[in-house]
There are 2 protein chains.
Amino acid sequence: MAEVKRGYVRPLDLKQGRIDLTHGSGGRSMVQLISELFAKHLGNEYLGQGNDGAVLPAPTVDGRAGRIVMSTDCHVVSPLFFPGGDIGCLSVHGTINDVAVMGAAPLYLAAGFVLEEGFPLADLARIVESMARAAREAGVPVVTGDTKVVERGKGDGVFITTTGVGVLRDGVELGGSRVRPGDAVIISGSMGDHGVAIMSKRENLSFDAPIESDTAALHGLIADMLATGVDLRCLRDPTRGGLAATLNEIAGQSGVGMMLHEKAIPVKQVVAAACEFLGLDPLYVANEGKLIAICAAADTKRVLAAMRAHPLGREAAVIGEAIADDHHFVQLTTSFGGRRIVDWLAGDQLPRIC
Amino acid sequence: MAEVKRGYVRPLDLKQGRIDLTHGSGGRSMVQLISELFAKHLGNEYLGQGNDGAVLPAPTVDGRAGRIVMSTDCHVVSPLFFPGGDIGCLSVHGTINDVAVMGAAPLYLAAGFVLEEGFPLADLARIVESMARAAREAGVPVVTGDTKVVERGKGDGVFITTTGVGVLRDGVELGGSRVRPGDAVIISGSMGDHGVAIMSKRENLSFDAPIESDTAALHGLIADMLATGVDLRCLRDPTRGGLAATLNEIAGQSGVGMMLHEKAIPVKQVVAAACEFLGLDPLYVANEGKLIAICAAADTKRVLAAMRAHPLGREAAVIGEAIADDHHFVQLTTSFGGRRIVDWLAGDQLPRIC
């Protein structure tokens, strides 16, 4: 029998070390990466089970089995670190928000990492710490995960796919097809911050005032809105493609048009200036901590009040209304009194924004 | 008001077309890709909801709320198409199996795609069709998904991260830490088929007999095993790192050793020959449709009978037993009467095997 040394394994070099292919092999290096980095920061009773999947308590509402909501999001944002956040917290917020806009209380997250050979462990550690902080602050644990490594030049640092599961209370029915003419269109705050923060960093631009991503978890704000008991028609977070894409999608699903009022749409001055410089339209730029809410006109006041009482909804504003329109156009009355159609984005304004 | 043409959009060119950055932009091209390719093949009532997340029936067992199991797996296999399968069906089987080995009935899948600019739409269509077929055959729908596109050279064709949710019956408690000395170690069939199929394709090797991946969904086999009522200690699918990595992991979690018998471990002749040629050890090679089951010695017969009665367990065999060992070594008695330690894989034998 050959003598096998199983004893001492050097700890991960989190200062100078880099990802290599052994970290994805299913062998001891992978186990080490998981225990010394992922489990260390993300650790919780579920992740700690250490099996191929996590066993989780039944999703119940008021003691009874509840419908669940499931959503998944791949994060390929470039650069990985940007003003106001990084791919780590973004991947937590993004998926929590997709679950929350369905009206569900987010319960659990799964996280899958595709790492590129040569990626600095120090950067990975920053990202995982940021995920852990975001998950802790949101109260939604990462309960299971996976790590794969691809050869240098076959990836781009790190891609993170997160999947969320939440539980949905009886009677809560939100969806893009529930909007009716006359409904009010509300947004929770300024448009374009995230996308412009990414683009400015990517183009190495600096402005007088800092532009930071708005990345944030919206489930607390949404819970407060649901607690009003108002029949919300639809909630969405206007990420890729921005307000324009999201409203066009809803208009199509509900078979209505939308009439927006440019003056009513909050855009930070520095974001507007950066957009002008970059040739971007803030209505098409991704947000990562903003909410579109659509409700019956009669409920507007109560919804606005609930939103403005929450730190993430202080600047909530009615920006327009759903209208009858067989073409399902989203239109905008401009500050100059004109009118234009806010169409889908045709090309690719902002690749890898989230 | 500018006149906007919204009418005719050319259908996706599924013969000559390629992924470009607009397919990930949140604009109309992305919507088209989703509707003409993903929804077309994977379509079901949940995916068809068309919101940011899918609303799903409560996971119940016998009419009551059940614990859920959640598991996620990134698939970066290279090549994308291989004898016996492709990344599409693999990504369905792999995650179903991770949920099923926890003893849960898989209910729902989420799928996230990271596509490289320039990837042929025809290849993507083959992959999505294969996913759809695998999901249909397994009876586990893909209920939600996401698509991102990265620039040429920043990815490698397509990576697919799938996440599964299943529901777990009361009383079913499987886990790597439940193994006791004396327990029987059973495998459902031959070792090494998947990894050797991938490596042979990658190295352009051909053998007299074809070597095909064993990729398959194991939840049916597992359901039959659970139906026996036997107290199974632990189930695992020996993927990355093969039988060796999986048994070392379980040995460590349970604080036991393992004694395996080389003669008892089924390895197809052609796989053994290919392994010799490629310098691989079949015990370290990934499987994608095989099961390790550990149970009390007294229950072995019933478990074996249930396995052998299922098409995916016909060659099920006892390959060894758990033993008391403070070092938690996995050992092997060789065909020549010797004994060796089957250690963790130290380096990276097989990158991107799944």
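The values are calculated or read from the model by the stated rules, or taken from the named source; none is laboratory data. Note that the coordinates shown come from a computational prediction; the quantities given were computed from them, not determined experimentally. Methodologically, a virtual Cβ is constructed for each residue, glycine included, from the backbone with ideal geometry; neighbour enumeration extends over all protein chains shown. Calculation scope for accessible area: heavy atoms of the full protein, side chains included, ligands and nucleic acids excluded. Shrake-Rupley method; radii C 1.70, N 1.55, O 1.52, S 1.80 Å.
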statement: Tilt, helix A:242-254 to longest principal axis of chain A (alpha-carbon atoms), in degrees rounded to tens, equals 70 degrees
- request: Select from A:Ile186, A:Ala245, A:Ala309 the residue farthest towards the positive end of the dipole of chain A; place +1 on Cβ of Lys and Arg, -1 on Cβ of Asp and Glu, and compute about the Cα centre.
  value: A:Ala309
- prompt: So, with +1 on the Cβ of K and R and -1 on the Cβ of D and E, and no other charges, what is the size of the charge dipole of the protein assembly as shown about its Cα centre, to the nearest 20 debye?
  reply: 400 debye
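Considering only the other residues whose Cβ falls under 12 Å of the Cβ of B:Asp73, what net charge follows from Lys and Arg at +1 and Asp and Glu at -1? Before the final figure, lay out the partial values.
On the way: positive: A:Lys148, B:Arg240; negative: A:Asp52, A:Asp146, B:Asp98, B:Asp237, B:Glu288.
Local net charge: -3.
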statement: Ranking B:Asn97, B:Leu42, B:Phe119 by how far each Cα lies towards the positive end of the charge dipole of segment B:8-168 (+1 on Lys and Arg Cβ, -1 on Asp and Glu Cβ), the top one is B:Leu42
- prompt: For chain B, what does -39500 (n - 2.57) per DSSP helix run (n ≥ 4), summed and divided by total residues, give at 222 nm, in deg cm²/dmol to the nearest 500?
  reply: -7500 deg cm²/dmol
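Which links in B:Lys201/B:Lys290; A:Lys263/B:Lys148; B:Lys148/B:Lys201; A:Lys148/B:Lys154; B:Lys15/B:Lys148; A:Lys148/B:Lys268 stretch past 23 Å when you go from one Cα to the other? Show your work: numbers first, answer last.
Details: B:Lys201/B:Lys290 21 Å; A:Lys263/B:Lys148 33 Å; B:Lys148/B:Lys201 28 Å; A:Lys148/B:Lys154 15 Å; B:Lys15/B:Lys148 21 Å; A:Lys148/B:Lys268 28 Å.
The answer is A:Lys263/B:Lys148; B:Lys148/B:Lys201; A:Lys148/B:Lys268.
Express the accessible area of the protein assembly as shown per residue in Å², computed with a 1.4 Å probe while the remaining protein chains stay in the model.
On the way: 26210 Å² over 708 residues.
Accessible area per residue: 37 Å².
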- prompt: Put a point 7 Å out from Cα along the line to Cβ at A:Thr228; what are the distances to that point in the other copies, in nm, shortest first?
  reply: 5.9
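Ignoring ligands, DNA and RNA and using a 1.4 Å probe, state the total buried accessible area between B and A in Å², rounded to the nearest 100.
Working: alone 16590 and 16630 Å², together 26210 Å².
Chain pair B/A: roughly 7000 Å² of buried accessible area.
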message: Let's test this: bin the Cα-Cα distances of segment B:184-341 at 5 Å from zero up to the farthest pair and state each bin's percent.
response: 2, 9, 19, 22, 20, 15, 9, 4, 1, 0
message: What does the copy distance list look like for A:Arg64, label position 7 Å along Cα→Cβ, in nm and ordered from shortest?
response: 1.6
- prompt: What part of the accessible area of the protein assembly as shown, given as a whole %, is carbon or sulfur when the probe is 1.4 angstrom?
  reply: 50 percent
query: Dimensions of segment A:8-168 along principal axes (Cα, Å, largest first)?
result: 49, 37, 25
message: Net charge within 14 Å of B:Lys268 by Cβ-Cβ distance, Lys/Arg positive one each and Asp/Glu negative one each, not counting B:Lys268 itself?
response: -4
query: Which of B:Ser190, B:Ser91, B:Ser29 moves most in a GNM of chain B, Cα contacts under 10 Å?
result: B:Ser29
task: Could you give the size of the charge dipole of segment B:12-86 about its Cα centre, using +1 on the Cβ of each K and R and -1 on the Cβ of each D and E, expressed in debye and rounded to the nearest 20?
output: 40 debye
- prompt: Using a label position 7 Å from Cα in the Cα→Cβ direction, what is the ascending list of nm distances from A:Arg133 to the same site in the other copies?
  reply: 4.8
Kirkwood-type radius of the protein assembly as shown, with distances r between different C-alpha atoms, in Å: 26.2 Å
statement: Charge tally for neighbours of B:Asp299 with beta carbon under 14 Å away, counting Lys, Arg as +1 and Asp, Glu as -1, is +2
query: For chain B, modelled as a Gaussian network with Cα springs under 10 Å, which listed residue fluctuates most, B:Ser35, B:Ser335, B:Ser200?
result: B:Ser335
task: Could you please state, rounded to a whole Å, how far the C-alpha centre of segment A:310-337 is from the C-alpha centre of segment B:61-125?
output: 39 Å
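Got the relative contact order for chain B handy, in percent, Cα pairs under 8 Å and 6 or more residues apart?
Details: 785 pairs, mean separation 75.8, N = 354.
Contact order relative to length: 21 percent.
Just the number, please: percent antiparallel of the DSSP beta bridges in the protein assembly as shown, rounded to the nearest 5. Walk me through the numbers on the way to the answer.
Details: 92 of 116 bridges.
Restricted to the protein assembly as shown, the bridges split so that about 80 percent are antiparallel.
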- request: Set Lys and Arg Cβ to +1 and Asp and Glu Cβ to -1, take the dipole of segment B:184-341 about its Cα centre, and tell me which of B:Ala223, B:Leu280, B:Val196 lies farthest positive.
  value: B:Ala223
- prompt: Shielding of B:234-240 by partners, i.e. mean partner chain Cβ atoms within 10 Å per residue?
  reply: 2
Fluctuation leader among A:Thr147, A:Thr163, A:Thr95 - chain A, Gaussian network, Cα springs under 10 angstrom: A:Thr147
task: Could you work out how far helix A:121-138 tilts from the main Cα principal axis of chain A, as a 0 to 90 degree angle to the nearest 10?
output: 50 degrees
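Only four residue types carry charge here, +1 at the Cβ of Lys and Arg and -1 at the Cβ of Asp and Glu. Report the dipole size of chain A about the Cα centre in Debye, rounded to the nearest 20. Provide the component values of the computation, followed by the final result.
Working: 33 positive and 41 negative charges, 103 e Å.
For chain A, the charge dipole is close to 500 debye.
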- request: Leaving ligands, DNA and RNA out of it, work out the accessible area of A:Val77 with a 1.4 Å probe and give it in Å² to the nearest 10.
  value: 0 Å²
- prompt: Measuring from label point to label point, each 7 Å out along Cα→Cβ, what is the A:Ala324 to B:Asp325 span in nm?
  reply: 7.8 nm
field: Rounded accessible area of B:Tyr46 (nearest 10 Å², 1.4 Å probe)
entry: 40 Å²
field: Whole-percent pair-distance distribution, where bins are 20 Å wide, for the alpha carbons of chain B
entry: 29, 53, 16, 2, 0
